[in-house]
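Please read the structure below before turning to the comments.
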Amino acid sequence: MSLPKISRQYLLPAGRDGYKNLAIVEVEVPKLKATEVLVKVHAASLQYRDLSRANEFYGGLKGREVIPGSDMAGEVISVGEDVTEWKVGDRVCANFCPTHLHGDATATTLESALGGVVPGVLTEYRSFPSQSLVRIPAHFSYQQAATLPCAALTAYNALHGRKQIKAGDTVLILGTGGVSIWALQFAVTSGATVILTSSSDEKLKIAQRLGAKHLINYRNIPDWEEEVLKLTNGVGVDHVVEVGGQGTLYKSIKSARIGGSVAVTGILSQSDFPKDIFHVVIYRAIELRGILIGSVALFRDMVRLIEANPEKTTPVIDKVFTFEDGVAAYAHLESQKHVGKIVIQVSKD
């Protein structure tokens, strides 16, 4: 098999005005280093970070040129001379931060995050350090596996990280985006009772089919934290998967039991914090933890859980776009009409 010399990839140009300036360009496929693996990218998925990067909400890029995307699944087509753990034909995902191999993230590992300062994965071919790759679940398609590196691993870390979920726990999950839907499935798989919020009754029906026991439409019940307390007989939940940020964090904290945990995974909304938020954290002994995706080792643990529970951990894909329709994929993400993940089919075969 002759190796490709040219790769098409997406580019957010410098001085851009949002994602509508996305363009497909051709670049040379670089020569493979001894410890690297060349991967043909079959599918990639989008996340809110991609939209934020394009619109400069996220910060840190200052309008610089960006190759976007952090979540991919693909096929190994060549390995460096020192690589022993991978072979041609293996199906893999790359970890969100390729240098984050185990344990907690560090300033150094975070600098390797794909799709920001480091070139991303919205490209036909890309090389990766061999140790950054993870075998995808055997029963997953490439499209399904592309949902794993950020959304799934963030959800898994939130529930199976430091303060691990256990059977019989109660979990509050906000929304029906990629992280939330994966958190719902992991919680159900672990034997927990799930309370889930959304502004859409249709989305709540989908969550119910996936195993959510209690459903709250927060447009109809704006004081949803009080409803959570009612559902738990005034005790509060064991775990909260918090995706909203400033606009929802206070309510999430008040929803947790004394000694409960709140995993902060997103910053989707803005609001002023009530003055007593720190008193609530202290007097309820809340464990408040920010989630920075996860390590390669944690990714491998997650794959084992998925393969052991295939009927309960099937990715929810809202819509699949062709590689040429990248701008439309970003627009669909921006609309917030989706449930689960938005995927871009990079390769046609």
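The values are calculated or read from the model by the stated rules, or taken from the named source; none is laboratory data. Source: prediction; values computed, not measured. Glycine also receives a Cβ, built like all others from the backbone with ideal geometry; neighbour counts cover every protein chain displayed. The area values use the complete protein model at the heavy-atom level, side chains included, leaving out ligands, DNA and RNA. Shrake-Rupley method; radii C 1.70, N 1.55, O 1.52, S 1.80 Å.
If the label point is 7 Å along Cα→Cβ of VAL320, which residues in region 95-136 have backbone nitrogen under 19 Å from it?
122-125, 136
Considering all projection directions equally, how large on average is the shadow of the alpha-carbon convex hull of region 1-129, in square nanometres? Please list the in-between numbers first.
Values: hull surface 33.2 nm².
Answer in nm², one decimal: 8.3.
First obtain the Kirkwood hydrodynamic radius of the chain from its Cα pairs, then insert it into the Stokes-Einstein equation at 20 °C and 1.002 mPa s, and state the resulting D in µm² per second as a whole number. Write down the numbers at each step before the final one.
On the way: Rh = 20.6 Å.
This corresponds to a translational diffusion coefficient of 104 µm²/s.
Compute and list, largest first, the equivalent-ellipsoid semi-axes of region 47-189 from the alpha carbon gyration tensor, each √(5λ) rounded to a whole angstrom. Kindly include the intermediate steps, with their values, before the conclusion.
Numbers: eigenvalues 129, 90, 44 Å².
With the √(5λ) rule applied to region 47-189, the semi-axes are 25, 21, 15 Å.
Which trypsin sites (Lys or Arg not before Pro) in region 1-98 pass both tests, a DSSP loop state and at most 13 other beta-carbon atoms within 10 Å? All intermediate terms of the calculation are to be shown ahead of the outcome.
Values: sites: LYS5, ARG8, ARG16, LYS20, LYS31, LYS33, LYS40, ARG49, ARG53, LYS62, ARG64, LYS87, ARG91; in loops: LYS5, ARG16, LYS31, LYS33, LYS62, ARG64, LYS87.
Those satisfying the criteria are LYS5, LYS31, LYS62, ARG64, LYS87.
Over the chain, what is the percentage of antiparallel beta bridges among all DSSP beta bridges, to the nearest 5?
Bridges in the chain are about 50 percent antiparallel.
Determine the gain in length on full extension of the stretch LEU288-HIS102; use 0.36 nm per residue of separation and subtract their C-alpha separation, reporting nm with one decimal.
On the way: separation 186, 0.36 × 186 = 66.96 nm, distance 2.14 nm.
Between LEU288 and HIS102, full extension yields an extra 64.8 nm.
Grab every C-alpha pair in region 122-197, bin the distances at 10 angstrom width from 0 up to the longest one, and report whole percents.
Values per bin, smallest distances first: 17, 43, 28, 11, 1.
I need the phi-derived Karplus couplings for region 84-89: 6.51 cos²θ - 1.76 cosθ + 1.60, θ = phi - 60°, integer Hz, Gly and Pro marked x.
Couplings: 10, 8, 10, 9, 4, x Hz.
How many Å² of accessible area per residue for region 211-269, probe 1.4 Å?
Values: 2560 Å² over 59 residues.
Solvent-accessible surface per residue comes out at 43 Å².
Taking 2.2 N^0.38 Å as the expected size of a compact globular protein, what ratio does the Cα radius of gyration of region 135-286 give against it, to two decimals?
Numbers: Rg = 15.0 Å, N = 152, 2.2 N^0.38 = 14.8 Å.
Normalised Rg, Cα atoms only: 1.01.
Counting only helical runs of four or more DSSP H residues, what would the 222 nm mean residue ellipticity of the chain come to if each run contributes -39,500 (n - 2.57) and the total is spread over all its residues? Walk me through the intermediate numbers first.
Values: 11 runs with 90 residues, N = 349.
Calculated from helices alone, the mean residue ellipticity at 222 nm is -7000 deg cm²/dmol.
Protein chains only, probe 1.4 Å: how do ASP71, ASP17, ASP201 rank by accessible area, largest first? Intermediate values should be presented prior to the final figure.
Working: ASP71 0, ASP17 130, ASP201 85 Å².
Largest to smallest exposure gives the sequence ASP17, ASP201, ASP71.
Could you tell me which of the pairs LYS40/LYS337; LYS163/LYS203; LYS213/LYS341 are separated by over 26 angstrom between their Cα atoms in the structure shown? Mind showing how you got there, number by number?
Working: LYS40/LYS337 30 Å; LYS163/LYS203 28 Å; LYS213/LYS341 22 Å.
The answer is LYS40/LYS337; LYS163/LYS203.
Which one of PRO315, HIS239, SER52 has its Cα pushed farthest toward the positive end of the charge dipole of the chain, where Lys and Arg give +1 and Asp and Glu give -1 at the Cβ?
HIS239
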